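These notes concern the structure reproduced below.
The values are calculated or read from the model by the stated rules, or taken from the named source; none is laboratory data. A quick note: this is a predicted structure, and the numbers were derived from the prediction, not measured. As a convention, Cβ positions derive from the backbone with ideal geometry for all residues, glycine included, and neighbour counts pool all protein chains shown. In case anyone asks, the SASA skips ligands and DNA or RNA and just uses the protein heavy atoms, side chains included. Shrake-Rupley method; radii C 1.70, N 1.55, O 1.52, S 1.80 Å.
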Amino acid sequence: MPSEKSVYLPDKALSKNAYVSSFAEYKEMHNKSIDNPEEFWGDIASQFYWETPFKYDKFFRYNFDVRKGPIYTKWFDGATTNICYNVLDRNIRNGHGDKIAFYWEGNHPDDYSRLTYKNLLVEVCKFANVLKSKGVKKGDRVAVYMPMILEAVITLLACARIGAVHSIVFAGFSADSFSERISDCEAKVLVTADGVWRGEKFLGLKTICDQAMDKCARNGHNVECCIVVSHLCRVTTPNRIPNQNKKINMKEGRDIWWQDIVPNASSSCYPEWVQAEDPLFMLYTSGSTGKPKGVLHTTGGYMVYAATTFKYVFDYKPNDVYWCTADIGWITGHTYVVYGPLANAATSILYEGTPFYPDNDRFWVIVEKYKVNQFYTAPTAIRALMKFDSDLVKRHNLSSLKVLGSVGEPINPEAWMWYYKLVGSEKCSIVDTFWQTETGGHVLTPLPGAIPMKPGAASTPFFGVQPVLLDESGKEIEGEGEGYLVFPRPWPGIMRTLFNNHERYETTYFSKFPGYYCTGDGARRDSDGYLWVTGRVDDMLNVSGHLMSTSEVESVLTEHYGIAEAAVVAKPHPIKGECLYCFVTTTEAVVFDGKLLAELKQHVRERIGPFAQPDVIHNAPALPKTRSGKIMRRILRKVAINDRDVGDISTLAETNVVEQLFANRPATA
Ligand code: 6R9
C-alpha cells in the first residue's frame with residue numbers, strides 16, 4: 001500500500017460496489033492475467049460471439065525480438081467473428097435492444113436526439129448495404145472525415161459489418177494533411193458531412209474534402225465516391241440564421257447525399273465473418289520523422305481489450321450513463337466512444353460541441369442533464385475550465401458522477417486536485433489513463449474503487465500489461481527509478497503493424513531495445529511501485545493532447561520561400577500543456593516582419609491544421625549547432641523558457657549564437 005502523504009483513498013461506497021474492490025484483488029487478477037493469459041482472456045473472450053471458436057493451442061503467439069525474426073502479435077488466431085455483430089446483434093439478443101446506445105447532444109443546446117441499440121442496428125445495416133452498392137468489399141479502406149454526429153458511429157460500424165477498414169481523419173486536419181492520408185491508405189470511398197458548427201465557429205467539411213480529393217487526383221489517386229451527410233439543415237446555428245447560404249458543391253458521378261440513398265437501402269445485412277487477425281481499422285498518428293504512420297488494429301484482440309478496459313477502468317454498471325468528450329477522429333474516440341462502450345451495452349453521450357458554448361459551463365450542464373456517472377476528458381480541457389469562476393461548476397448538481405477520467409497527456413497535480421475536489425466533490429475516483437494510438441486501449445491506469453490515487457500518477461498496469469523501465473543501455477531498472485517505458489509482451493489490443501510498412505513498424509517501435517515494444521515515453525517508478533509518466537523522450541510535441549513531431553512542423557516552415565532553416569521545440573503552456581516555439585532563419589532576401597509572421601502561421605495551419613499553429617516564431621539569424629552541424633535543441637528549449645542556465649556549450653561551433661538568441665527573444669514569447 002502507498003506510503004506517501006498525498007494519497008487519496010477510493011470512496012468506500014464506490015469500492016464496495018466496484019468490480020475490483022481492493023488493491024489485493026487487483027493484484028491477484030493482474031498476476032493471473034500475466035501468468036495464465038489463456039484462462040484470464042479466454043473467460044472474457046467466451047462472452048463474445050465467435051462464428052469459428054478460438055482454440056487454446058493457437059490462443060496467443062508473438063515475437064517482440066527483432067534478432068529472432070519478424071515482429072508479430074496474434075491473438076485468437078484462426079477464430080472468426082464480427083465486431084459489429086458483437087456490439088449490436090449480440091446485445092439485442094441479450095435483451096438490450098430498447099436501451100439507448102447514444103444520446104446525441106448538439107452544439108446548440110436546442111439540438112438533441114437519441115438512438116437505441118435496435119435502431120442503431122437498422123441504420124448500420126442500411127449504410128452497410130449502401131457501401132456494398134458502391135463496390136466496397138472486405139479489406140477495402142473507407143476514409144472518414146466527420147463531426148461528432150450519429151452518422152459517424154453508423155459509418156464505422158457499417159464498415160466493420162462488411163469487413164471494410166475504416167480510416168478516420170480528425171476533422172481539424174487541413175485538406176493537405178487529409179489528402180496525404182487518403183492517398184496513403186488508397187481509400188475507395190470517403191464519408192463526410194456538409195459542415196459543422198463548433199461553438200460559434202463554422203467548419204466547411206465538404207469544401208475541405210473537395211480540396212483534398214482534388215489534390216489526391218492530381219497525385220494519381222481517385223476517390224470513387226463521396227457520401228455527404230446533410231447535417232447543416234437540421235441544426236440550430238449560433239445566431240439562428242439559417243444555414244442555407246452555405247453552398248455545397250456536389251460533383252456529378254462522385255458525390256451523393258447520405259439522405260438521398262440511405263433511407264431506401266435494405267435494413268438487413270448479414271455480417272461478414274472475418275478472421276480475428278483481419279484488420280478492423282487504421283488510424284494515422286504522427287511519426288518523429290517523415291510521413292504519418294498508419295497504425296493498424298485487428299479485430300478479435302482489439303474487441304476483447306476495448307471491452308475489458310472499458311468495463312474495469314470506468315467500472316461501468318448496467319444503466320450507468322457514460323460520457324467521453326474525445327473526438328471520434330482520435331483513438332480515444334474509437335475505443336472509448338464507439339467500441340468499448342457498445343461492447344458493454346452501455347448508454348453514452350455523443351457531444352458535437354465545445355466546452356465553452358453557449359457558456360463555459362456546458363460540460364456541467366450536460367452532466368446534470370443526463371445524470372452522467374462516468375466522465376472522461378483531457379487535461380487541456382480541465383485546465384481551460386479551471387480558469388473560470390468555480391461557481392460555474394458549483395451551481396450544477398453533479399452528484400451522479402462516480403468516476404472521472406483523464407487522457408492524452410500527463411495531468412498536473414493542480415488540475416487533478418481541481419477535478420477531484422470541485423467536479424468530483426472528493427467522492428469520485430480519478431482514473432489517469434496512459435495509453436497510445438498504438439496500444440489500442442488503456443495500459444497504465446488506476447482502477448476505481450481498488451487503487452489508492454496519487455495526483456499525477458498513471459499508477460498501475462492494466463490486466464495483461466507488464467511495464468518495464470530501461471536505462472539508456474537497455475538494462476531493466478528494478479524498484480525505484482526513471483527510464484524508458486517499454487513492454488516485453490503484447491496484450492490483446494496492441495497494434496499489429498503500420499499499414500503497408502511493416503519495416504517502419506519494426507524500426508520505430510522494436511529496434512531501440514530488442515525484445516521490447518518501446519512507447520517513446522519516459523516514466524518513473526516510486527517507492528510504492530506506482531508509475532508516473534514523464535512525457536515523450538523523442539522529438540514529439542503534445543499540444544492539447546494532439547501529438548505532432550518537431551520535424552513535421554520544421555519541414556512545413558522551410559517550405560516557405562523566406563525560410564532557410566527552422567528548429568521547433570516544445571514550450572510549456574498553461575492550458576495546452578505544450579505549445580510550439582519555432583526558431584526560423586530567414587533567407588537573405590527576406591525581412592522578418594509581421595507579414596512574414598502571419599504568412600508562416602497561416603502556412604502551418606493550412607499544411608497541418610489549426611491546432612498546429614505556432615505560438616511563438618523567433619527570428620534566429622543563426623541556430624546553435626555542434627561542429628558536426630547538429631542543432632542543439634536542449635539549448636533552444638532553454639531559450640524558449642528564458643532560462644539562462646544552459647549548461648555546457650563547449651561543443652558548439654559558435655558560442656556567441658546563444659547570447660544572440662536570448663537577446664532576440666520576441667516580446668510575445
Ligand atoms: C490515448 C492517446 C499518445 C501519447 C503518449 C503520451 C501521451 C496519453 C497520457 C499521456 C501521460 C497520460 N499520453 N495519455 N501521458 N499520462 N495519462 O492520447 O493517444 O494520441 O496516440 O497519444 O500521449 O506521450 O505517448 P495518442
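Select from the range 247-296 the residues that are touching a residue at least 24 places away in the same chain (Cβ under 8 Å), aliphatic (A, V, I, L, M) and not in a strand (DSSP E or B) and write down the one among them that is farthest from L156 (Cα to Cα).
Step by step, filter the range 247-296, then rank; the result is I248.
Only one residue in A598, A570 is open to solvent by 20 Å² or more (accessible area, probe 1.4 Å) and more than 27 Å from G535 (Cα to Cα), so which one is that?
On inspection, the qualifying residue turns out to be A598.
When you look at T534, is it surrounded by fewer than 16 Cβ atoms within 10 Å (Cβ to Cβ), within 19 Å of the chain's Cα centre (by Cα) and in contact (Cβ under 8 Å) with a residue 24 or more places away in the chain, yes or no?
yes
Under 6 Å by Cβ, and 6 or more places apart or on different chains, what pairs join a residue from the range 574-592 that is more than 19 Å from R605 (Cα to Cα) and hydroxyl-bearing (S, T, Y) with one that is part of a loop (DSSP other than H, G, I, E, B) and open to solvent by less than 60 Å² (accessible area, probe 1.4 Å)?
T585/A620; T586/G562; T587/G562
Could you tell me which of the residues V590, V569, V658, V639 is more than 27 Å from the chain's Cα centre (by Cα) and under 30 Å from A378 (Cα atoms)?
After ruling out the rest, the residue left standing is V639.
How about the range 129-149: which of its residues are within 19 Å of the chain's Cα centre (by Cα) and either of a type in the set (S, T, Y) or assigned to a helix (DSSP H, G or I) (or both)?
Residue satisfying the conditions is Y145 alone.
Please work out if A217 is among the hydrophobic types (A, V, I, L, M, F, W, C) and either under 22 Å from G172 (Cβ atoms) or in contact (Cβ under 8 Å) with a residue 40 or more places away in the chain (or both).
No.
Among K74, K68, K27, which is surrounded by 16 or more Cβ atoms within 10 Å (Cβ to Cβ), under 30 Å from F510 (Cα atoms) and not aromatic (F, W, Y)?
Testing whether each residue is surrounded by 16 or more Cβ atoms within 10 Å (Cβ to Cβ), under 30 Å from F510 (Cα atoms) and not aromatic (F, W, Y) leaves just K74.
So is A450 farther than 30 Å from T508 by Cα, part of a loop (DSSP other than H, G, I, E, B) and in contact (Cβ under 8 Å) with a residue 60 or more places away in the chain or not?
Answer is yes for this residue.
Take L547 and decide whether it is among the hydrophobic types (A, V, I, L, M, F, W, C), within 11 Å of the ligand (Cβ to nearest atom) and surrounded by fewer than 23 Cβ atoms within 10 Å (Cβ to Cβ).
Yes: the conditions hold for L547.
Quick test for you: out of S174, S179, pick the one residue that is in contact with an Asp or Glu (Cβ under 6 Å, 6 or more places away or on another chain) and of a type in the set (S, T, Y).
S174
Considering only residues of the range 404-429 that are more than 7 Å from the ligand (Cβ to nearest atom), in contact with a Gly (Cβ under 7 Å, 6 or more places away or on another chain) and closer than 28 Å to V486 by Cβ, which is modelled with the highest pLDDT?
Here is the first cut: in the range 404-429, the residues more than 7 Å from the ligand (Cβ to nearest atom) are 404-405, 412-429.
Going one step further and asking which of them are in contact with a Gly (Cβ under 7 Å, 6 or more places away or on another chain), we end up with 404, 412-413, 416, 429.
If we keep only those that are closer than 28 Å to V486 by Cβ as well, we get 412-413, 416, 429.
Numbers: N412: 87, P413: 88, W416: 95, S429: 98.
Top of the filtered list is S429.
Among the residues of the range 312-325, is any on the phi > 0 side of the Ramachandran plot and either part of a helix (DSSP H, G or I) or open to solvent by less than 10 Å² (accessible area, probe 1.4 Å) (or both)?
yes
Quick check: is even one residue across the range 339-355 touching a Ser or Thr at 6+ places or on another chain (Cβ under 7 Å) and of a type outside the set (S, T, Y)?
Looking through the range 339-355, at least one residue is touching a Ser or Thr at 6+ places or on another chain (Cβ under 7 Å) and of a type outside the set (S, T, Y).
Could you go through the range 525-544 and let me know if any residue there is basic (K, R), within 15 Å of the ligand (Cβ to nearest atom) and modelled with pLDDT under 90.
Yes, that holds for at least one residue.
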